[in-house]
Amino acid sequence: MHRHERMEDRAVMRPAGARARWRDLIAGSVPGCLSALLMALHPGPALADAMPVDLELMLAVDVSVSVDDEEFQLQRQGYVRALTHPLVIEAAMAGPLRRIAVSYVEWADTDLQIDVTGWRLLDGPESAKAIAAAIESAPALRGQFTAVGAVIEHAVQSFAGNRFAGTWQVLDVSGDGVANDGPAPRRARDKAVASGITINGLPLGRPGQDVTGHYAAEVVGGDGAFTLPAEDRDAFADAILAKLLREISWTGGPRAGTDR
């Protein structure tokens with residue numbers, strides 16, 4: 001990824017001091033360092049010991065400056081609740097292999113993608129609780145900008161470098177703003193879709209911005225892709241649960257009510 005890459009028709013420039021601060025933050029992030037080490041040790045998807053799973057699902061959650069403390073906690077608790085919900089666990093165990101792999105990532109600037117949990121197996125209540133506990137206990141690192149394209153590029157690398165071999169690969173992006181930093185989301189999306197990844201979106205309504213339209217046009221793509229907007233904060237937790245059930249239960253082919 002290139003820090004000064006053009007966003008559509010304009011270049012997004014950031015102060016050097018801000019870049020350095022976030023670079024230092026990432027360097028000090030234990031989850032990020034561990035993720036980089038694991039990806040270095042496992043550089044490709046065709047590993048002899050890769051574990052087959054029904055689905056590889058990355059949950060990518062916006063933590064940019066537009067996300068205040070209340071919304072930050074709402075997001076985390078919404079995913080904790082959804083991942084441990086009996087219906088989600090049942091869906092995760094309903095496929096032929098009876099297991100999926102999940103990664104929870106928080107993202108903001110071009111340089112800020114935090115692998116909060118790393119890739120973990122979800123094959124029952126105990127593993128679901130372990131993923132939820134890792135999300136709840138993680139330190140809160142926040143960003144300034146909204147680099148949707150950068151987190152898509154991060155996801156492509158992460159899918160290629162993890163220790164699982166999924167029948168499907170799905171990136172689930174949630175956020176409350178349009179891209180204003182980093183590579184253009186449309187180009188990153190098209191590359192991800194070409195590699196076989198489906199990208200779904202959960203945009204949170206924000207006054208003055210058509211976040212849902214931006215996600216539908218620039219972010220979402222791939223087989224069975226959909227956008228499931230949450231019009232306000234009160235609807236966000238229910239939207240997370242509905243989206244996870246829809247993603248985990250999908251077995252390929254067109255989805256009913258697909259929204260691009």
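FYI, it's all coordinate maths here, none of it is from the lab. Computed from a prediction, not measured in an experiment: that's the story for all the values here. All Cβ positions, even for glycine, are placed from backbone atoms using ideal geometry, and neighbour counts span all protein chains on display.
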Check on residue 117, out of contact with any Lys or Arg (no Cβ under 6 Å at 6 or more places or on another chain) and under 26 Å from residue 157 (Cα atoms): yes
Residue 185 is checked against (1) within 19 Å of residue 113 (Cβ to Cβ); (2) touching a residue at least 60 places away in the same chain (Cβ under 8 Å) and fails just one. What number does that condition carry? (2)
Can you pull out every residue in region 181-209 that is touching a helix residue (DSSP H, G or I) at 6+ places or on another chain (Cβ under 9 Å) and surrounded by fewer than 19 Cβ atoms within 10 Å (Cβ to Cβ)? 184, 186, 187, 191, 195, 196, 205
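Keeping to region 147-198, report how many residues are closer than 18 Å to residue 226 by Cβ and part of a strand (DSSP E or B). Break it down into steps so the answer makes sense when it comes.
Going residue by residue through region 147-198, those that are closer than 18 Å to residue 226 by Cβ are 148, 152, 155, 168-175, 185-186, 189-190, 192-193, 196-198.
Adding the requirement that they be part of a strand (DSSP E or B) leaves 168-175, 197-198.
Residues meeting the conditions: 10.
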Looking only at region 97-124, which residues are touching a residue at least 60 places away in the same chain (Cβ under 8 Å) and not in a loop (DSSP other than H, G, I, E, B)? 100, 101, 113, 114, 115, 121
